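Just below is one structure, and these are the notes that go with it.
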Amino acid sequence: MSSDTLERIRLCGAVPQHVAVIMDGNGRWAVQRGLPRHAGHRQGMNAVREAVEGARQAGVEVLTLFAFSTENWQRPSSEIGALMGLLRLYAEKEKRELKRQGVEVHVLGELHRLDEGTRKSVDAIVEGTRGGEAMRLNLMISYSGREELLRAVRALARDAAAGRLDPESIDDEVLEGRLFTAGLPDPDLLIRTSGELRISNFLLWQLAYTEIHVTPVLWPEFTREHLFDAVLDYQGRERRFGRVTAGEG
């Protein structure tokens, strides 16, 4: 990261505390080059490294990456197998470096759907980076925003039916405590690659007031410079959370 870029970010205002990323475009990147789709996913691993290191350098405290959705289970078994293999490879290859950088990894989602080998690799990177204080990295695996909300509602309903919870006491804070992101601030900034203008069932509750930055860059070509551009874009916005400023109607 150049000192000029660092200085611009530092002078332009507060850095987003929590950045979420929808990593899109791996398949298109591969197709454009006449390569199998899994080649795009493999190349995307470099972009993950760039995003993590760039976020840490910029001063982001929490980085959440949408790595694999529950809808992705409907893809061809060969592609799912390749994706799981890459997840294992990432966990094994990056664990030591992430620990060295002080990055604490959390893997969130319906993890019971992972095969045994992938689950062991996931557990290993979580345990191996535990205690990192420089930045928290959330990898959302087998995740669906709607399923997350249904999961939370079912848990609250069970507690209410058992007499452990007064339904009238359920508010934002109580519901948020049942989400995968319990205890974390909502994302300040969402980055979407590949130019698509949708949130794809990602963090539906948490993104209520999040600033959105869309870039046409396909994920395998995403670098830390693109992340810095998104941070600078965020710093130029006025966040009002539904309120109006003085003088506005």
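The values are calculated or read from the model by the stated rules, or taken from the named source; none is laboratory data. This is a predicted model, so every value here is computed, not measured. Note that each Cβ is placed from the backbone with ideal geometry, even for glycine, and that neighbours are counted across all protein chains shown.
Table for the structure above
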item	result
Segment 20-34, subset assigned to a helix (DSSP H, G or I) and not hydrophobic (A, V, I, L, M, F, W, C), residue surrounded by the fewest Cβ atoms within 10 Å (Cβ to Cβ)	32
Number of the condition not met by residue 14 [criteria: (1) more than 26 Å from residue 97 (Cβ to Cβ); (2) assigned to a helix (DSSP H, G or I)]	(2)
Candidate set: segment 169-202, residues that are under 21 Å from residue 25 (Cα atoms) and touching a helix residue (DSSP H, G or I) at 6+ places or on another chain (Cβ under 6 Å); chosen: the one surrounded by the fewest Cβ atoms within 10 Å (Cβ to Cβ)	201
Pairs, first in a helix (DSSP H, G or I) in segment 105-116, second small (Gly, Ala, Ser) and modelled with pLDDT of 95 or more, C-beta under 8 Å, six or more apart	111/142; 113/142
Check on residue 57, touching a Pro at 6+ places or on another chain (Cβ under 6 Å), in a helix (DSSP H, G or I) and among the polar types (S, T, N, Q)	no
Residue that is charged (D, E, K, R), surrounded by fewer than 18 Cβ atoms within 10 Å (Cβ to Cβ), outside any loop (DSSP other than H, G, I, E, B) and touching a Leu at 6+ places or on another chain (Cβ under 8 Å), where the choices are 159, 233, 229	159
Residue match in segment 59-71 (condition: hydroxyl-bearing (Ser, Thr, Tyr) and in contact with a helix residue (DSSP H, G or I) (Cβ under 8 Å, 6 or more places away or on another chain))	yes
Close pairs (8 angstrom Cβ cut-off, 6 or more residues apart or separate chains): at pLDDT 95 or above and crowded, with 17+ Cβ neighbours inside 10 Å in segment 119-134, assigned to a loop (DSSP other than H, G, I, E, B) and hydrophobic (A, V, I, L, M, F, W, C) anywhere	122/114
Matching entry among 77, 121 (being among the polar types (S, T, N, Q) and under 26 Å from residue 179 (Cβ atoms))	121
